[in-house]
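One structure is given here, and the rest of the page talks about it.
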Amino acid sequence: MTYPSVYPTGVTIYNPEKCWNGYTVFQAEDVGALVIDMNGAEVQLWKGLYGFPNKLLPGGYVLGHTGERNPMYGMQDNLDLVQVDWEGNIVWRFNQYEYIEDPGEKPQWMARQHHDYQREGNPVGYYVPGMEPRVDGGNTLILCHKNLKNPKISDKLLLDDTIIEVTWQGDIVWEWICSDHFDEYGFSEEAKNILCRDPNMRPNGGGMGDWMHTNSMSVLGPNKWYDAGDERFHPNNIIWDGRETNIIAIIDKKTGKLTWKLGPDYNSSKELKALGWIIGQHHAHMIPRGLPGEGNILVFDNGGWAGYGAPNPGSPKGIKSALRDYSRVLEIDPITLKIVWQYTPAEAGYMMPFDSNRFYSPFISSAQRLPNGNTLITEGSGGRIIEVTPDHELVWEYISPYWGKAIKLNMVYRAYRAPYSWIPQLDPPEEIPIERIDVTTFRVPGAAPIGRKKETRVEGVLPPYTPPPEYAALCVAADV
Amino acid sequence: MNNVIFTIPGCARCKIVKDFMHEHATPFEEKNVREGGKEDFQHFYTANRRAIYRGQDGIEFPVFTDGVVIRQGLGPVLAYLYGGKRLDGFVSVGTLHKEWVDGLHVSGGNIEDADDFIAMLHYLKSKAMKLKLDTNGKNSHLLNRILDEGLADFVVMDVLGPRRLYSHILGENIALADLERTISIVPRFPEYRFQTTIVRVRREGDLTPAFLTPEDIAETAELIEEITGSKKHPYFIRFLPSTLEPGKSQDADSILPNAIFSYRTAARVHQVLTEIEKI
């Protein structure tokens, strides 16, 4: 998050030997669905195609949306979910979830999709050996919006999250409504109090409470926990997370009831205290079978500001009551709740807490486990996509060069890496290593090179101490 | 026989009934159950427990008795005072609170008693109450009169099914012209909704009744479209808990929870605002 005024964009670090090489797709601000190779060459742009997110499918297909609902009346509603071929032809579309008549707009059916979807055949929407998503049939799970009132939560109009399953023909065959399960989430009275008064009201459409703000949804798929007899992790069950509540939950596909959850209160047990507060998280999913870490929960724990609770100095009303100014990528054992692997500012090499906010995206972002054990991380707010090894080595870095006009950010909601074989229209590209530039000597044109024209010794000046970090005499103590 | 009315303090609905009795010089004794009448009501309740409805919010007041008949709630008490048992089909215990009164059934009573029903509605409106009425298609002329005289704020129409099954579901013959006229009137009220509850119906030639199907619901939605010329009415498909029994996929007597969406999809071809309602 701490950026200088001038810095390079595109690929800045690349070690082909240690990377899981492939194509990366992401929604480039104001541009469309963009595919880049490992050197950052832009090999395909589906111009203007929206992506919340974009996902590649085998055969050179991409999933996205043809438009957004006018934000004067809706909040992050996409008109549809479409599958587009390499040449830009729409080969599948779903939009018939709700018929919308907004003032001054053409009445139309809308999917009201947001944040996520999953095509049958693959539980998480990214490459998993032996679990290819279907491209010519199969059902699709879609995360959608629905406006409703639920007096248990608030008397205000809510922007609720729903998950629907639609067939290839477009028939809805399953629906789950988030607010129906309010009693299962375990909110404290303090949280219910502020939720009732302010369920995260947004001005769109005259005001609606985006109370949960679910931002990911995926299927568990086959896993070792279910194989061992733990019914909570039935392969058909669905995991999702809610940014505004700090909840990560698994629901039973048959009954809709919660079978497992983290949050909303991370002080409620010894295990959760050890895990620490997960705040405003994104892209919580179970690492699918066939990938290193399978069965564990991988999540981008944003930090930032989220949750409902007691008023405190950082949250005078108790909304967005938990705060942290850096992010973490966590891999969690869902049984013990212990952290199996993590990438935090410390693993990134930043001194904590002084430099923690150099790994920080307070919104959007994601993490994808790759077949060689590396993790592709989208540090979204700054448009940074990185690949790190299990021992935290940074082996690929890309900074999006696309800043939005209305939203002046080069943000990337979520990037996905796909194998070269998923785009048979292209020959695999050349992989050219990019050494990490030594920033102490790197200069822009016109800037003077490093090096003193004159050095003068001062008699009596002592050499500095080099104590362990915990003894560093800075204004605040170091986390060690 | 003595008229007794059991009330609670601050009960606006009790006051409306008392006003009516005063205005009509009907003698009565008031017993406030939170004050002096508490013990009397306990005795009365113990002796007549089965005749007094206790809902989620407790007992609805006023409770009225003339020593023979017991009536409870604003609508039923007022209806009894207007017409004795003759209005029973038009009025039952409601569920709404504050300024709203429901339990008012346009199709439920004898049309010959409609004048008393209308008079009662006028009285409720004169007391600034909002009225929610329901109809199943019968008595369209009465519904039209209610519309003309501005007596309903919200009308719910139970469109029981498609034309060919309507009388089977209703359990009596209905003139289709009456049904269609009702459908055409309903959207003219300030607020309204159409709804169909998924029930079992015995079709001609079938030995056992079977649930309404998505095709039946599509036909029902089409009926509404055909009569009103619009696809954009609030239309709800209602499922009773006993209709949906998860896990009994082989049970022909239940509808699988996921199957309810095929009803909505079918209906939305003709009514795009169709929603599902589990009751």
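The values are calculated or read from the model by the stated rules, or taken from the named source; none is laboratory data. On a predicted model such as this, the values are computed, not experimentally measured, just so you know. Because the Cβ atoms are built from the backbone with ideal geometry, glycine has one as well, and the counts that use them run over all protein chains shown. Note: areas computed on protein heavy atoms with side chains; ligands, DNA, RNA excluded. Shrake-Rupley method; radii C 1.70, N 1.55, O 1.52, S 1.80 Å.
Taking region A:322-342 as the search range and keeping residues that are buried (at least 22 other Cβ atoms within 10 Å of the Cβ) and of a type in the set (S, T, Y), which one is nearest to A:G373 (Cα to Cα)?
Among those that are buried (at least 22 other Cβ atoms within 10 Å of the Cβ) and of a type in the set (S, T, Y), it is A:S327.
When you scan region A:35-145 for strands (runs of 3 or more DSSP E) that lie fully inside it, which ones turn up with 1 or more residues that are over 27 Å from A:D210 (Cβ atoms) and among the aromatic types (F, W, Y)?
Passing ranges, in order: A:42-47, A:61-65, A:90-94.
Within region A:341-355, can you find the residues that are at pLDDT 95 or above and closer than 25 Å to A:E244 by Cα?
The answer is A:W341, A:Q342, A:Y343, A:T344, A:P345.
Enumerate the pairs (first residue in region A:179-193 and under 18 Å from A:I239 (Cβ atoms); second residue anywhere and of a type in the set (A, V, I, L, M)) with beta-carbon separation below 8 Å, excluding pairs fewer than 6 apart on the same chain, so at least 6 apart or on different chains.
Once the first residue is under 18 Å from A:I239 (Cβ atoms) and sits in region A:179-193, its partners that are of a type in the set (A, V, I, L, M) give A:H181/A:I251; A:H181/A:L258; A:E184/A:L258; A:Y185/A:I247; A:Y185/A:A249; A:Y185/A:L258.
Of these, A:G256, A:G221, which one is out of contact with any His (no Cβ under 8 Å at 6 or more places or on another chain) and either modelled with pLDDT of 95 or more or not β-branched (V, I, T) (or both)?
A:G221
Could you please let me know if B:A119 is assigned to a helix (DSSP H, G or I), in contact (Cβ under 8 Å) with a residue 24 or more places away in the chain and small (G, A, S)?
yes
For the structure I just gave you, tell me whether B:A128 is part of a loop (DSSP other than H, G, I, E, B) and touching a residue at least 24 places away in the same chain (Cβ under 8 Å).
It is true that B:A128 is part of a loop (DSSP other than H, G, I, E, B) and touching a residue at least 24 places away in the same chain (Cβ under 8 Å).
Please identify the pairs in which a residue from region A:163-177 that is closer than 19 Å to A:D136 by Cβ has its Cβ atom under 6 Å from the Cβ atom of a residue that is of a type in the set (D, E), counting only partners at least 6 apart or on another chain.
A:V173/A:E165
Would you tally the residues in region A:268-282 being part of a loop (DSSP other than H, G, I, E, B) and modelled with pLDDT of 95 or more?
7
Looking at region A:153-181 only, could you name the residues that are open to solvent by 10 Å² or more (accessible area, probe 1.4 Å) and away from chain B (no Cβ under 12 Å)?
Of everything in region A:153-181, those that are open to solvent by 10 Å² or more (accessible area, probe 1.4 Å) and away from chain B (no Cβ under 12 Å) turn out to be A:D155, A:K156, A:L157, A:W168, A:H181.
How many of the residues making up region A:255-272 are open to solvent by 40 Å² or more (accessible area, probe 1.4 Å) and either free of Cβ contacts under 8 Å to residues at least 40 places away in the same chain or away from chain B (no Cβ under 14 Å) (or both)? It would help to see each step written out before you state the result.
Step one: of region A:255-272, the residues open to solvent by 40 Å² or more (accessible area, probe 1.4 Å) are A:255, A:257, A:261, A:265, A:267-268, A:270-271.
Add one more test, that the residue is either free of Cβ contacts under 8 Å to residues at least 40 places away in the same chain or away from chain B (no Cβ under 14 Å) (or both), and what stays is A:255, A:261, A:265, A:267-268, A:270-271.
Qualifying residue count, region A:255-272: 7.
Could you please tell me which pairs satisfy a Cβ distance under 7 Å, a separation of 6+ or placement on different chains, a first residue in region B:132-150 that is at negative phi, and a second residue that is part of a strand (DSSP E or B) and open to solvent by 30 Å² or more (accessible area, probe 1.4 Å)?
These pairs meet every condition: B:K132/B:W100; B:K132/B:F154; B:D134/B:H105; B:D134/B:D158; B:N136/B:D158.
Quick check on my filter: what residues within region A:422-439 are within 20 Å of A:E132 (Cα to Cα) and in a loop (DSSP other than H, G, I, E, B)?
A:I423, A:P424, A:Q425, A:L426, A:P428
Within region A:210-241, which residues are in contact with a helix residue (DSSP H, G or I) (Cβ under 8 Å, 6 or more places away or on another chain) and either surrounded by fewer than 22 Cβ atoms within 10 Å (Cβ to Cβ) or among the small types (G, A, S) (or both)? Steps first, answer last, please.
Quick first cut of region A:210-241, residues in contact with a helix residue (DSSP H, G or I) (Cβ under 8 Å, 6 or more places away or on another chain) only: A:211-212, A:214, A:220, A:223, A:225-226, A:232-235.
Result: A:W225, A:Y226, A:R232, A:H234, A:P235.
Answer yes or no: is there a residue in region A:300-320 that is modelled with pLDDT of 95 or more, under 30 Å from B:N258 (Cα atoms) and open to solvent by less than 10 Å² (accessible area, probe 1.4 Å).
Checked region A:300-320: no residue is modelled with pLDDT of 95 or more, under 30 Å from B:N258 (Cα atoms) and open to solvent by less than 10 Å² (accessible area, probe 1.4 Å).
Among the listed residues A:E244, A:E231, which satisfies the condition of being more than 30 Å from A:T389 (Cα to Cα), acidic (D, E), modelled with pLDDT of 95 or more and over 22 Å from the mean Cα position of the chain (by Cα)?
A:E231
To keep it simple, each residue is scored yes or no on (1) assigned to a helix (DSSP H, G or I); (2) free of Cβ contacts under 8 Å to residues at least 60 places away in the same chain; (3) crowded, with 16+ Cβ neighbours inside 10 Å.
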residue	(1), (2), (3)
B:G10	no, yes, no
B:K31	no, yes, yes
B:L78	yes, no, yes
B:Y82	yes, yes, yes
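Report whether or not A:I385 is within 19 Å of the chain's Cα centre (by Cα) and β-branched (V, I, T). Break it down into steps so the answer makes sense when it comes.
Details: within 19 Å of the chain's Cα centre (by Cα): yes; β-branched (V, I, T): yes.
When the stated conditions are applied, A:I385 passes them.
Which one is nearest to A:D116 (Cα to Cα) among residues in region A:376-407 that are surrounded by fewer than 24 Cβ atoms within 10 Å (Cβ to Cβ) and hydroxyl-bearing (S, T, Y)?
So the residue we want is A:S381.
Rundown of residues vs (1) at pLDDT 95 or above; (2) open to solvent by 80 Å² or more (accessible area, probe 1.4 Å); (3) under 30 Å from A:T344 (Cβ atoms), yes/no style:
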| residue | (1), (2), (3) |
| --- | --- |
| A:L409 | yes, no, yes |
| A:V412 | yes, no, yes |
| A:A415 | yes, no, yes |
| A:Q425 | yes, yes, no |
| A:I432 | yes, yes, no |
| A:A447 | yes, no, no |
| A:P468 | no, no, yes |
| A:L474 | no, yes, yes |
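Looking only at residues that are among the acidic types (D, E) and at pLDDT below 90 in region B:51-75, which one is nearest to B:G37 (Cα to Cα)?
B:E60
Inspect region B:256-268 for any residue being among the polar types (S, T, N, Q), surrounded by fewer than 19 Cβ atoms within 10 Å (Cβ to Cβ) and away from chain A (no Cβ under 14 Å) and give the result as yes or no.
No: region B:256-268 contains no residue that is among the polar types (S, T, N, Q), surrounded by fewer than 19 Cβ atoms within 10 Å (Cβ to Cβ) and away from chain A (no Cβ under 14 Å).
Looking at (1) in contact (Cβ under 8 Å) with a residue 60 or more places away in the chain; (2) within 21 Å of A:C19 (Cα to Cα), which is the only condition A:Q342 fails?
For A:Q342, the exception is condition (1).
Residue-wise test of (1) crowded, with 16+ Cβ neighbours inside 10 Å; (2) within 14 Å of chain B (Cβ to nearest Cβ); (3) touching a Cys at 6+ places or on another chain (Cβ under 9 Å).
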residue: A:A41; (1), (2), (3): no, no, no
residue: A:F52; (1), (2), (3): yes, no, no
residue: A:Y61; (1), (2), (3): yes, no, no
residue: A:T66; (1), (2), (3): yes, no, no
residue: A:P71; (1), (2), (3): no, no, no
residue: A:G74; (1), (2), (3): yes, no, no
residue: A:L79; (1), (2), (3): yes, no, no
residue: A:I90; (1), (2), (3): no, no, no
residue: A:E101; (1), (2), (3): no, yes, no
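Quick one: which of A:K192, A:K146 is within 14 Å of chain B (Cβ to nearest Cβ), open to solvent by 10 Å² or more (accessible area, probe 1.4 Å) and either modelled with pLDDT of 95 or more or within 27 Å of the chain's Cα centre (by Cα) (or both)?
A:K146
Go through region A:424-479 residue by residue and tally those that are in contact (Cβ under 8 Å) with a residue 24 or more places away in the chain and among the β-branched types (V, I, T).
5
For region A:3-23, state whether one or more residues are under 30 Å from A:I163 (Cβ atoms), out of contact with any Cys (no Cβ under 7 Å at 6 or more places or on another chain) and β-branched (V, I, T).
There is no residue in region A:3-23 that is under 30 Å from A:I163 (Cβ atoms), out of contact with any Cys (no Cβ under 7 Å at 6 or more places or on another chain) and β-branched (V, I, T).
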